[in-house]
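Read the structure below first, then the notes.
Readers should treat all values here as calculations from the given coordinates under stated rules, not as data from a laboratory. Just so you know, these numbers come straight off a predicted model, no measurement behind them. Please note: Cβ atoms are built from the backbone with ideal geometry, for glycine as well, and neighbour counts cover all protein chains shown.
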Amino acid sequence: MKITDKNPYVNLDAYTKNVKDKERIDNQGKQASKQVMEEDKVVLSQEAKKIQGAKKLMDSIPDIREEKVAKIKALIENGTYQVEEKKLAAKMIKESLLNELL
C-alpha cells in the first residue's frame, strides 16, 4: 500500500507546518490574553458611587439605638411607660399587610 508520493518528505513538511502553525496560534493567544488583561477596567457610574456611599453610611449607623432603648427601659422600670394601643395595632396591621404583599 502506497501512502505518499515519491517524495518521502511530504509528511515531514506537513508535520513541521502543523507544528509551526500551532506555535503561531499559541503565541497569538498569549499576546491576545496579555492585551485583554491590560485593557480590562472597571468604571463605576455616578449612581453606583452614590449607592456605595449610602451603603457605607448605613453600615456606620448602629442597628440598635442605645439611647432609645435606655429611655424605654427606664420608663418601664419606673412604671410610667404608656403603650399607644391604636398606634401599635396600626403598625402591626401595616407590617402584616406588607409581609403578605412581599
Within the stretch 46-101: Cβ-based charge dipole about Cα centre, in debye rounded to nearest 20 (Lys, Arg +1; Asp, Glu -1):
240
How far apart, in nm, are the 7 Å Cα→Cβ label points at Val83 and Gln28?
7.7
Derived scalar couplings ³J(HN,Hα) [the stretch 60-72; Karplus, 6.51 cos²θ - 1.76 cosθ + 1.60; whole Hz; x for Gly, Pro]:
7, 7, x, 5, 10, 7, 4, 4, 5, 5, 5, 5, 5
Please turn the phi angles of the stretch 95-102 into ³J(HN,Hα) values with the Karplus equation 6.51 cos²θ - 1.76 cosθ + 1.60 (θ = phi - 60°), one per residue in order, whole Hz, x for glycine and proline.
4, 5, 5, 5, 5, 5, 5, 8
Would you list the P(r) distribution for the stretch 46-101, with all Cα-Cα distances sorted into 10 Å bins from 0 and each bin expressed as a whole %?
18, 21, 34, 21, 5, 0
I need the trypsin sites (Lys or Arg not before Pro) found in the stretch 51-102, filtered to DSSP loop residues with at most 16 other beta carbons within 10 Å of theirs.
Arg65
